[in-house]
Amino acid sequence: MKFFWPVYLTVAVTGTAAIYFLAPKLGWQRESIGEQEPPRITVSANLPTNGMNRVVSGTVAASATPDALPPVAGQDPISLGIFPARPNQTPDWGITARDTVRYSVRGKNLGLIPAATIFRFHKKIKSEDGSQLVSCSLNPNQPSETSLVAFASTRLFVGDPNRLSAKQRETMSAYYRLAGQIASRKDELARESAAKNPFFTAWSQARKNLRQHQAESRRLTAERDRASGDASMKLTGTLQKRRYDQAALEQKERAAYAQYTDWRKKHPEATLDAEKDPKVQSWRKQMSALEPTITGLW
C-alpha cells in the first residue's frame with residue numbers, strides 16, 4: 001500500500017550543511033537549504049524485529065533477557081561483538097547522530113528526536129523518491145510501535161548494546177550529542193551562507209513550486225489509478241496537461257539554480273567554512289578525546 005506524503009521542506013535525510021556546500025555537485029536532484037521533505041514510502045504492516053535486547057531512547061537499558069551476557073568493564077566494544085554494521089549485515093540497534101524528525105509509517109510528523117537517541121533496528125526502507133529510511137522502535141515497552149527516521153541521521157551497529165559498560169554508554173551518548181551540535185551548527189552556517197546569495201530566494205521558490213506541482217501530480221495519478229470510466233479518462237487528460245506544465249517549471253528551476261551556483265563560484269568568500277568555526281573546532285576536539293573509550297562506535 002502506498003502512502004503519499006505531503007510536501008514539506010527541511011534533513012534529511014540528510015543534513016542541510018551538506019546540501020549547501022555540495023549542491024553544485026548534485027546535478028538535477030537537489031535539496032533545499034534548511035529543508036527536509038518527508039519522502040514517499042511503501043511499507044509493510046508486518047515489520048520484523050531481530051531479537052535484540054531492549055533499548056531505551058537515549059540510553060541502553062538493563063537486559064530483560066535471562067541468559068543475556070552482562071556488561072564487561074574495561075573491554076573495548078569490538079571484543080564484545082559490538083561494531084558498526086557492514087552493508088551486508090543486518091543491524092541490531094542504532095543511534096541518532098543529529099537531531100532528526102521521526103515519522104509514523106503513514107507519514108505523520110511525530111516531532112524531533114535528539115541526537116544520541118538509541119533505538120531498536122527493524123529494517124531499512126527505500127522510499128519511492130529514493131530516500132533511505134530506518135524503521136525502528138524507540139519505546140522498549142512498545143517494541144511493535146514503529147517510527148521512521150532518515151538513514152543519513154543514524155549510525156547502525158551489530159551486537160548487544162547492553163554489554164557496554166556504564167562508562168561506555170555515557171561516553172557514547174556524549175559523543176553523539178556533540179556530533180548533533182556540530183550538525184546543527186553546520187546547518188546554521190549553511191543558512192547564513194545561502195542568505196548572502198541574491199539568487200537563493202528565487203531558486204528556493206522555483207524549487208518549491210516544482211515540488212508542489214509534482215506532489216499534486218502524484219496525488220492525481222493515485223486517484224486516476226483508483227478511478228474508472230469517464231473519471232479515469234478525465235484525470236488522464238489532466239495529467240497529460242500537467243506534464244507540459246511541469247516541463248516549464250523544471251526549466252525555471254534549472255535557470256534559477258544556474259544563477260545561484262554561478263554567483264557562488266564568483267563569490268567564494270561568502271561561503272562559511274564550518275571546519276574553521278571555533279565552536280565546531282571545540283566540539284571536534286572534545287569528540288576526539290572521547291573516541292578511545294568507545295573504539296569502533298564512531
Point to revise | Lys, Arg +1 and Asp, Glu -1 on Cβ, resulting dipole of the stretch 197-266 about Cα centre, debye, nearest 20 | key: 240
Exercise for review: Go through K196/K265; K123/K167; K126/K241; K108/K279; K208/K241; K186/K276 and tell me which ones have a Cα-Cα distance over 22 Å in this structure.
Suggested key: K123/K167; K126/K241; K108/K279
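Quick check on the exposure proxy: order M172, M287, M233 from fewest to most C-beta atoms within 10 angstrom.
Working: M172 25, M287 18, M233 12.
With the fewest neighbours first, M172, M287, M233 line up as M233, M287, M172.
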Practice item. In whole Hz, with x marking every Gly and Pro, tabulate ³J(HN,Hα) for the stretch 271-279 from phi via Karplus 6.51 cos²θ - 1.76 cosθ + 1.60, θ = phi - 60°. Key: 8, 7, 8, 4, 6, 9, 6, x, 5
Revision key, fill the gap. Neighbours of S153 by Cβ distance under 11 Å: Lys/Arg at +1, Asp/Glu at -1, summed charge +2
Check your understanding: Relative to a virtual label point 7 Å from the Cα of K196 in the Cα→beta-carbon direction, which members of the stretch 227-262 show backbone nitrogen distances below 19 Å?
Key -> 259-262
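If each residue's Cβ is checked for other Cβ atoms within 10 Å, how do D160, D245, D277 rank with the fewest at the top?
Fewest-to-most ranking of D160, D245, D277: D245, D277, D160.
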**Study point:** Extension gain from D262 to Q286, taking 0.36 nm per residue of separation minus the Cα-Cα distance
**Key:** 4.9 nm
Review point. Applying the Karplus parametrisation 6.51 cos²θ - 1.76 cosθ + 1.60 with θ = phi - 60° to the phi angles of the stretch 166-172, what ³J(HN,Hα) value in whole Hz is obtained for each residue in order, glycine and proline being reported as x?
Key: 4, 5, 5, 5, 5, 5, 4
Check your understanding: Want the number for N109 to D76: 0.36 nm per residue separation, take away the alpha-carbon distance, what's left?
Key -> 8.1 nm
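Values quoted throughout were computed directly from the atomic coordinates according to the rules given, and no laboratory measurement underlies them. What you see is a predicted model; the values in this text were computed from it and never measured. Please note: Cβ atoms are built from the backbone with ideal geometry, for glycine as well, and neighbour counts cover all protein chains shown.
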